[in-house]
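The values are calculated or read from the model by the stated rules, or taken from the named source; none is laboratory data. Everything numeric in this text was worked out from a predicted model, so none of it was measured. Note that each Cβ is placed from the backbone with ideal geometry, even for glycine, and that neighbours are counted across all protein chains shown. Note: accessible area is taken over every heavy atom of the protein model, side chains too, but ligands, DNA and RNA are not part of it. Shrake-Rupley method; radii C 1.70, N 1.55, O 1.52, S 1.80 Å.
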Amino acid sequence: MTSEKTTEFTDLEVDYKQLARELGVKLPPHMREPRRWPKSLSYPAGPPLQLQSKPAAVLRKIISQRWYLLVAFILATTANVVSMAVMPGALGQVLDSGLEQGIGAHLAPGMSALLALTAIAALTAGFEQVLGNAIYMLAYTESVRAVTTRTIENGTNVTGEIPSGDIVAIVSSDTEYIGGFAEMISSVIGAIATTAIITVLMLQLSVPLGLAVIIGLPLLTIFMALLVKPLQARQNVQREAVGKLTSITTDAVAGLRVLRGIGGEDEFSARYRTQSDQVRDLGIKVAPYQGLLNAIRAAAPSIFSTVVVGVAATMVFDGTLTAGEMVAFYGYTLFLASPLWALTSAIQFGTRAWVGAKKIGKIFAIDQPEAGQAETAPPAWGGADLHEPESGVKLPAGKVTALVCADPDVSAHIARRFSQPSHTHPVLYGSVDSRNVDLSEIRRHVLVSDTNNELFTGTLRNNLLGASAQVASPLRSPELIARYLVETSCTTPNHLTRPHQRDQQLLRALETADGGDILSSLPGGLDGTIAERGRSLSGGQRQRVSLARALAAEPDVLICIEPTSAVDSHTESRIAKRLTQYRQGRTTAVVSTSPLVLECCDQVLLISPQGKVVTGGSHQQLMALAEQGQVQGKQYRAIINRATGEEN
């Protein structure tokens, strides 16, 4: 149902159910949801885990969180499986009693026992499901928090040693296996207890059959363990190859325009094809071992059942077993599928979790950046030139400087060093050496707008505010449903308007980034919702939102890496002109090879592939040098022409 009413909110928190009533949006009925979950089942809060470099220590630290959940899960799993496992024995007794005495009141105790066991199995199954999910999510989220926080804290120290694609694969894939392994560890312990109980019950009925279980299960376990080492080795190799393939893909997506500019499409295609073929071939090598494990998990219970039932049937004919006891034995063998399933699943998840833990340990083995000693007289950020001695790059105070290189990675790497210098690559902020300035002080004044345009679920306003955005309390399910229905049912553009004191600044930054179409396309304008990673926006729109966020932060020094690589030439021209106007009087560096951007900059520095400044001047001056036949000018023109696809 649509409505033309307009409701304005000035607070960050919005009562979506009240808003729906005011706008005439009908909400569906919903079940009651707890206002507060127990702490043991809540999302982890506080500082993330500090992990070690050894994989065993990584897994131990992650899995040992909230150990009482593991204990409760083991008890629930054991109670659930045991209650179902002893059902065949109770059923066998009822069967024997019925065969001997017929149907009558004497069957009531046995039937009552079966009903009680069914109730226990149903109740413990619910607890088992909740606790298992909690253990999985806790290990998964703690892994993600630890890896992402460590990567953010270490910055280029991590990404310089570990490919970005590998980090993405760790967070998106390996952490899930660690969560699954944490859950399966508890299942294995419960399964062992169950196996012991079933074995005792079987030995009480028949020693030969009980011994068959005692001997057979360890043999199967040893056989499966023999497959673990080669499977783990092949998974390690395949995991490395997948990380490299992901890195190639993410790097290409981040720099499609740069690849096109330097004629690298064919090179990228060849590299991707080669790496993709390698991942496929390694996957084929892993498949036989993985398939064998799955086959054992599926076939072993059937083999056990066949052997046990066959032997039990002969014993019934011999008179050493009753028909009810044979039924009980058949039921026991069926429940042996649970321990075998848990064991093979633990092996499967464990091998992948071990690989992931090694990767995580590698991240935590990288030293964090050293913090400099605070200078008694801090840099005069507003009016100081910035100088990187090794490359010779100098950013004049209050000017827009472009860095151009035949290899875009070289110029981008130099530009990033202004925000994160090191002892081997110091930067001078005026007369102050970066080695005497605390890193947090540098990051407060120097901001890098990089090519990875990360956006997050939330409003356009909060994405533009970035780190300064206030975070609303998490919405419960009824509020999430109400918000969705309000946003999809109402056509009034400002039905969710909540003015913010920085809105004018955000709108100006968005206009500079030519983001008017983004603002008008979202219901609610600045309060319009952006999907996770900006999936609801195009690549060019994501880039412009990211640039607007950097501009809205108003840093003293702004470093823009390829800020217009994902937009068309008309949009690029508008952004370039507005960017230089917006940043007038403030120090700005732009890494780009686009003439539309370069002609708007105050100065352009040509950098050699070795990372040294070759020459400098305005775009027009450098192009004039090329017309005069000077080598440096011709080098500059060749880079620009290659970026635009023109002939030299």
Handout entry: Directionally averaged projected area (convex hull, Cα atoms, the stretch 496-579), nm²
Key = 5.8
Fill in the blank from the handout: Sorted on mean Cβ neighbours within 10 Å (highest first), peptides 146-154, 559-567, 311-319 come out as 559-567, 146-154, 311-319
Problem - Taking only Cα atoms of the stretch 374-455, radius of gyration then Dmax in Å - result: 12.8, 40
Problem - Arg435-Lys61 pseudo-label distance in nm [points 7 Å out on the Cα-to-Cβ vector] - result: 3.1
Problem - Cα-Cα separations in the stretch 516-648 greater than 24 Å, expressed as whole percent - result: 39
Handout entry: Using θ = phi - 60° and Karplus 6.51 cos²θ - 1.76 cosθ + 1.60, couplings along the stretch 630-638 (whole Hz; Gly, Pro as x)
Key = 6, 4, 5, x, 5, 5, 5, 5, 4
Problem - Calculated P(r) tail over 11 Å for the stretch 405-452, as whole % of Cα pairs - result: 69
Exercise for the section: Could you tell me what percent of the accessible area of the stretch 505-648 is made up of carbon and sulfur, with a 1.4 Å probe and every protein chain present? Expected result: 46
